[in-house]
Amino acid sequence: MNLFAWLLDLIYPPKCAFCGKLLGKDESDLCGRCRKNLPEVSGSIKRGEAFRQCWSVYYYEGAVVDSIHRFKFGGMQQYAQVYGRLIAMALLRSKVEFDVLTWVPISRKRRRKRGYEQTYLIAKTVAAELGCACVPTLKKAVDKPPQFTKKGAAERRANVLNVFQAVHPERFCGKRVLLIDDIITTGATLGECSKILRIAGAAQVECATLAATQYSDK
Ligand SMILES: [Zn+2]
């Protein structure tokens, strides 16, 4: 550990990104208790259209909800590194194959307001962990209310319709794309983004998120 990291640890002792408890010497990112007890998603989730499946780490419950809330609205952008490492591990475990890694963008207006693009920060860590590039493939041209303000599946689909555009299609044309987001709920956002990528030439799209809601359309 270099001196700067040591000083940082002294001033801001590392805490679990989920429950907020101080981490022990042999713990990193999350405490042993959360590592053991957080609700893991086993296998992949098929929800939404135009992508093959979504690989998620945890169900969106309890401490996972609190953590993502602090990450998105409480300025805890450093959680992106924890989330990115967890997603990368899940992808490695499941031997997910892809050629181009990208993310679901937020609008410029929201990025200005929040000060960071949370999905890009996560994707950047996943890419670093897996030793690949993080490539922009989409932009959100229209600012719409966040998806969590919309309830039903149809309403959520309508809220993301025609708001994304493909950028630099030559970078992913004919390739297998891995699309990163923070949460999958109905799959409307990931489905819409995947559709745009497929229309622009992506051979296939797989998705990965930190969390998945226990959502059922039935
Ligand atoms: Zn914890």
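The values are calculated or read from the model by the stated rules, or taken from the named source; none is laboratory data. Just so it is clear, the structure is predicted and the values come from calculations on it, not from any experiment. Every residue, glycine among them, receives a Cβ derived from its backbone with ideal geometry; neighbour counts consider all protein chains shown.
Residues checked against (1) within 19 Å of the chain's Cα centre (by Cα); (2) within 23 Å of MET89 (Cα to Cα); (3) in a loop (DSSP other than H, G, I, E, B):
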residue: LEU7; (1), (2), (3): no, no, no
residue: ALA17; (1), (2), (3): yes, yes, yes
residue: ARG33; (1), (2), (3): no, yes, no
residue: GLY48; (1), (2), (3): yes, no, yes
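Here LYS46 meets each of (1) surrounded by fewer than 12 Cβ atoms within 10 Å (Cβ to Cβ); (2) within 16 Å of the ligand (Cβ to nearest atom) with one exception, condition (2). Across the range 9-39, the qualifying residues are those that are more than 11 Å from the ligand (Cβ to nearest atom) and of a type in the set (Asp, Glu), and the one among them that is surrounded by the fewest Cβ atoms within 10 Å (Cβ to Cβ) is ASP26.
The condition of being touching a Leu at 6+ places or on another chain (Cβ under 6 Å) and at pLDDT 95 or above holds for only one of TYR83, TYR60, that being TYR83. VAL57: surrounded by 14 or more Cβ atoms within 10 Å (Cβ to Cβ), outside any helix (DSSP H, G or I) and away from the ligand (no atom under 16 Å from the Cβ), yes or no? In short, no. Among residues of the range 24-43 that are closer than 18 Å to TYR60 by Cα, those with a Cβ under 7 angstrom from a residue that is more than 12 Å from the ligand (Cβ to nearest atom) and part of a loop (DSSP other than H, G, I, E, B), sequence gap 6+ or separate chain, pair up as PRO39/GLU61. Residue check: is CYS54 free of Cβ contacts under 8 Å to residues at least 40 places away in the same chain and of a type in the set (A, V, I, L, M, F, W, C)? In short, no. Give the residues of the range 82-99 that are surrounded by 21 or more Cβ atoms within 10 Å (Cβ to Cβ) and either more than 13 Å from the chain's Cα centre (by Cα) or among the hydroxyl-bearing types (Ser, Thr, Tyr) (or both), sorted by residue number. Of everything in the range 82-99, just one residue is surrounded by 21 or more Cβ atoms within 10 Å (Cβ to Cβ) and either more than 13 Å from the chain's Cα centre (by Cα) or among the hydroxyl-bearing types (Ser, Thr, Tyr) (or both), namely TYR83.
Checking ARG110, ARG70 one by one, the residue that is within 14 Å of the ligand (Cβ to nearest atom), free of Cβ contacts under 8 Å to residues at least 60 places away in the same chain, of a type in the set (Lys, Arg) and assigned by TED's automatic domain parsing to the domain that holds LYS144 is ARG70 and no other. Return yes or no: is TRP6 more than 16 Å from the ligand (Cβ to nearest atom), closer than 12 Å to LEU210 by Cβ and of a type in the set (Phe, Trp, Tyr)? Taking the combined requirement at face value, the residue does not satisfy it.
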